[in-house]
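Structure record follows, encoded as structure tokens.
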Amino acid sequence: MLQYMIIMLDDTSTSFCHYEVDNTEQKPISLEDLRAGIRLAMIENLTIQFVYPVYELPQEYKDVIHTIDHSNIKPMQTSTVDADVVVLDGWEQNTPSNGSVVVIRTTLTELLTHADVLCKWLTKVARLNVVITDVDCFTDDLQQAYSDFLAQVGDAIERLYVNGRSPQLNLLTDRMMLTKMNNCGAGDTCITLAPNGKFYICPAFYYENEADSVGDLQSGLNIPNKQLYKLGYAPICRNCDAWQCRRCVWFNRKTTLEVNTPSHEQCVVAHLERNASRELLAKIRQKGTFLPENPEIEEIDYLDPFDKL
């Protein structure tokens, strides 16, 4: 059941996930389509997330946007005064402001060399989501390096918790808090309205192939085999307890040609994070009562569920 609508305000709207935005020409969504998208969201009781470009939108767009409750996803390069989520593309940009929710898009190689920076940011932001943009290039010989990175960051998070802080990092703290899968929901609970007035499973599908739409504002949604985007039709994922995994359907299709089947790389990365979360949870509980209502995370002997088949 749909709950969210992402509205991309321009062809150059910032990426907040794995996909890249190579478009450089400014092509804002028409005011007519923007109003129609908002009207549809009101009728269907959908929560809107607006994704902004780097440039400042005209006042007439801002006036329409403010006709409905919404969340703003903005790049760091623009004004982030009213941003609910601030997106950094790489590590070269300004330090996130205090109390903000931040998404950092990074390659794995860059991430592994910025553990100290990430730990510093955790003391300043309300929440930090790390998006590894090249997770499909993860190789098994990087497992130890990624595990060491997670352990280093986990030690910093443990110290913060002991000192009364509550840092949030999707790679480590989410799995401790969750009791079931919590994925992006593209094609199931979330749909995207692109600047051309058409619907897409998520922005990545739009940027990969503009012809890959699943309806428009005039004819409505038409998602082929829409049940495949639901967790119940993902035979591996529905039995998995790496609940923090993004379960990216775009990456699934890109790497396995099936939206409901994850790649080996995506599974290994998610399970390394799960195992590091298990260790972090145990360490924090040694210092005092912590999430007593949540059971321990069980020890497992695999990193890819396919290994158990």
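Over all directions, the projected convex hull of the C-alpha atoms in the range 73-207 averages 9.9 nm² in area. Positive-end ranking of GLN77, SER30, ILE236 along the dipole of the chain, with charges on Cβ about the Cα centre, is headed by ILE236. Just so you know, the Rg over Rh for the range 59-109 is 1.05, from Cα atoms, with Rh as the Kirkwood radius. Along its principal axes, the range 1-154 has C-alpha extents of 51, 34, 31 angstrom, given from the largest down.
Normalised by 2.2 N^0.38 Å, where N is the number of residues, the C-alpha radius of gyration of the chain stands at 1.01.
Any idea what the relative contact order of the range 1-138 is, in percent, if you count C-alpha pairs under 8 Å spaced at least 6 apart?
21 percent
Over the chain, dividing the summed -39,500 (n - 2.57) contributions of all DSSP H runs of at least 4 residues by the number of residues returns a 222 nm mean residue ellipticity of -9500 deg cm²/dmol. Normalised by the number of residues in the range 62-155, the mean separation of alpha-carbon contacts (under 8 Å, six or more apart) gives a relative contact order of 22 percent.
Residue-wise HN-Hα couplings along the range 204-213, as the Karplus relation 6.51 cos²θ - 1.76 cosθ + 1.60 with θ = phi - 60° gives them from phi, are 4, 5, 5, 6, 6, 7, 4, 6, 8, 7 Hz; Gly and Pro carry x. Measuring from centroid to centroid over Cα atoms, what is the spacing of the range 196-217 and the range 94-115 in Å? Going from one Cα centre to the other spans 28 Å.
When only alpha carbons are used to place a centre, the range 24-60 and the range 286-301 end up 43 Å from one another.
Within straight-line reach of LYS198, meaning a Cα separation under 27 Å, sit the following lysines at least 8 residues removed in sequence or on another chain: LYS27, LYS62, LYS74, LYS226, LYS230, LYS254.
None of the figures in this text is laboratory data; all of them are computed from the coordinates on show. Fair warning: this is a prediction, and the values are worked out from it, not measured in the lab. Because the Cβ atoms are built from the backbone with ideal geometry, glycine has one as well, and the counts that use them run over all protein chains shown.
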